[in-house]
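The values are calculated or read from the model by the stated rules, or taken from the named source; none is laboratory data. If you're wondering where the values come from, they're calculated on a predicted model, not measured in any experiment. With ideal geometry, Cβ positions are generated from the backbone for all residues, glycine too; neighbour counts draw on all protein chains shown. Just the protein is used for accessible areas: all its heavy atoms, side chains included, with ligands, DNA and RNA removed. Shrake-Rupley method; radii C 1.70, N 1.55, O 1.52, S 1.80 Å.
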Amino acid sequence: MIEGINHLNIRSDEVTMNILKDFYINVVGLSLGKRPPFKSKGFWLNAEGKKYVLHLSSTKDNEIKDHHVNSTFDHLAFSASNMPYYEKILTDNNIKFSYREVPEIGTKQIFFKDPVGNGIELIFI
């Protein structure tokens, strides 16, 4: 029986992986977790109260991953708090974002892209 989503993995070259690590820590607000000593390089990032929600790993055998591609992956959504903080940090970092309110379910949402074009949604209840 499926109990929920465990994690998302983004695989890239090492330079991009480090850019993404900094973005997800400094902008999104995840924290660096402990990663087992795999052969590949990478990082596991935690959310408040949830370990290892985002894995960043290096490509294998010098594989090249395209950035900003149109695929079936649309966005990753995080539950969040303190909307004014995120509006400020996105504005301060010149990151374009959009806002939506869904009164039927009592949420407010902010949408933006990470440095390689993956969609991110922050959900505020």
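Brief remarks follow.
- Under 16 Å between alpha carbons - lysine pairs in the chain that sit 8 or more apart or on different chains: 13
- Near the amide H of K41, within less than 5 Å, lie the amide hydrogens of S58, all on another chain or at least 5 residues away, with H placed in the peptide plane.
- Packing here is the average count of other Cβ atoms within 10 Å per residue, and on that basis the peptides 3-9, 25-31, highest first, run 25-31, 3-9.
- For the chain, adding -39500 (n - 2.57) for each run of n ≥ 4 DSSP H residues and dividing by the number of residues yields -4500 deg cm²/dmol at 222 nm.
- Rounded tilt (10° steps) of 14-23 against the dominant C-alpha axis of the chain: 20
- Computed 3J(HN,Hα) for segment 120-125, one whole-Hz value per residue from the Karplus formula 6.51 cos²θ - 1.76 cosθ + 1.60 where θ = phi - 60°, is 10, 10, 10, 10, 10, 9, glycine and proline marked x.
- Solvent-accessible area, 1.4 Å probe, carbon plus sulfur percent, for the chain: 53
- Correct choice for Cα extents along the principal axes in Å that was computed from the model, options (1) 85, 27, 22; (2) 47, 36, 27; (3) 50, 38, 22: (2)
- Cβ-defined net charge surrounding D61, 15 Å radius [Lys, Arg +1; Asp, Glu -1]: +2
- The chain - accessible surface per residue (Å², probe 1.4 Å): 69
- Listed peptides 13-20, 37-44 by packing density, highest first (mean Cβ within 10 Å): 13-20, 37-44
- Rounded tilt (10° steps) of 83-92 against the dominant C-alpha axis of the chain: 60
- Counting only DSSP beta bridges with both residues in segment 49-125, the antiparallel share comes to about 65 percent.
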